[in-house]
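Down below is the structure, laid out as structure tokens.
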């Protein structure tokens, strides 16, 4: 093979290499970056149809209206924070407790881990529909059980004081399996010599847990807290299925749910896509702020050595 042919073949190989390497970037640009930039442009405009040529520039009008005239969006921010905080905290606490129990020498350990992990891999639509049936007022199995004890049927998803706790419970149940797997791996990786040294110093089980176990698994806790908070702030499917109208008195109306209402439901003709895009960017900024706060605070309690 001559030098010219070798150089030509090398150029072709390099070209194919660049094409394969750039394919993820091209995909991100087409389906990520371009829609992201377009939504930012759209948030400063007014569009009440699916024809992008009808966009009318209105400046910061959408953003001003969000915080001065839209009581539903303000309420959705509060609902989202309540859901995110309780879901993340309870999920971490329950998952850690179960992981500690499963890390002990017990029978059928693998079977328990599998059972606890199954809800996480199930479809959100399927699990939300199942729990909606369970909590149904007329034929829900939970109401059938409480009536046996003389308690009247409860409208769990139709009551403003119980609708959000029900969805939080369902979210903790469905997401705990993933946290348990990671916590179990973190607990198994702890060097036993730390426990032995603590016991020689006279530390009891409670002190060992808070002074040894928690600091050593803090990187896992940090990861689960950050990803869990981001996921909770973007929750939509479970709310839309279990409370299609945003719950009684808007008690389960979250930010993403509000965006969906404005863009595609009864408020679409009133507010339009531009207003929905502005909402989306406000939520995106909120998520970035809380993520940055988590990373800043983590320097004080996360230990990597």
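With 10 angstrom as the radius, rank 293, 286, 167 by how many other C-beta atoms surround their C-beta, starting from the fewest. Mind dumping the intermediate values first?
On the way: 293 11, 286 15, 167 28.
Ascending Cβ contact count within 10 Å gives the list 293, 286, 167.
Report Rg (one decimal) and Dmax (nearest whole number) for the stretch 88-172, counting Cα atoms only, units Å.
15.7, 44
For the stretch 218-305, what log10 I(q)/I(0) values come out of the Debye formula at q = 0.11, 0.15, 0.26 1/Å, with one point per alpha carbon and no solvent?
-0.41, -0.66, -1.22
Please identify, among 90, 214, 15, the residue showing maximal mean-square fluctuation in a Gaussian network model of the chain using a 10 angstrom Cα cutoff.
15
If you take all C-alpha pairs in the stretch 3-42, what percent of them are over 13 Å apart? Don't jump to the answer; show the numbers that get you there.
Details: 495 of 780 pairs.
Roughly 63 percent, rounded to a whole number.
From Cα pairs below 8 angstrom and at least 6 apart in sequence, can you work out the relative contact order of the stretch 196-281, rounded to a whole percent? Present the calculation step by step, with values, prior to reporting the outcome.
Values: 42 pairs, mean separation 13.7, N = 86.
Over the stretch 196-281, the number comes to 16 percent.
Per DSSP H run of n ≥ 4, the term is -39500 (n - 2.57); total these for the chain, divide by its residue number, and report the mean residue ellipticity at 222 nm rounded to 500 deg cm²/dmol. Don't skip to the end; give the middle numbers.
Numbers: 14 runs with 207 residues, N = 305.
It comes out at -22000 deg cm²/dmol, rounded to the nearest 500.
Relative contact order for the stretch 61-301: what is it in percent, counting Cα pairs under 8 Å that are at least 6 residues apart? It would help to have the intermediate numbers written out before the result.
Values: 249 pairs, mean separation 70.9, N = 241.
Rounded, it is 29 percent for the stretch 61-301.
With a ≥ b ≥ c taken as the square roots of the eigenvalues of the C-alpha gyration tensor of the chain, please select rounded if a/c is under 1.5 and otherwise prolate if a/b is larger than b/c or oblate if it is not? Show your work: numbers first, answer last.
Numbers: a/c = 1.91, a/b = 1.09, b/c = 1.76.
Note, shape of the chain comes out oblate.
We did not get these values from a lab; they are worked out from the coordinates using the rules stated. Note that the structure is a prediction, hence the values are computed from the model and not measured. Please note: Cβ atoms are built from the backbone with ideal geometry, for glycine as well, and neighbour counts cover all protein chains shown.
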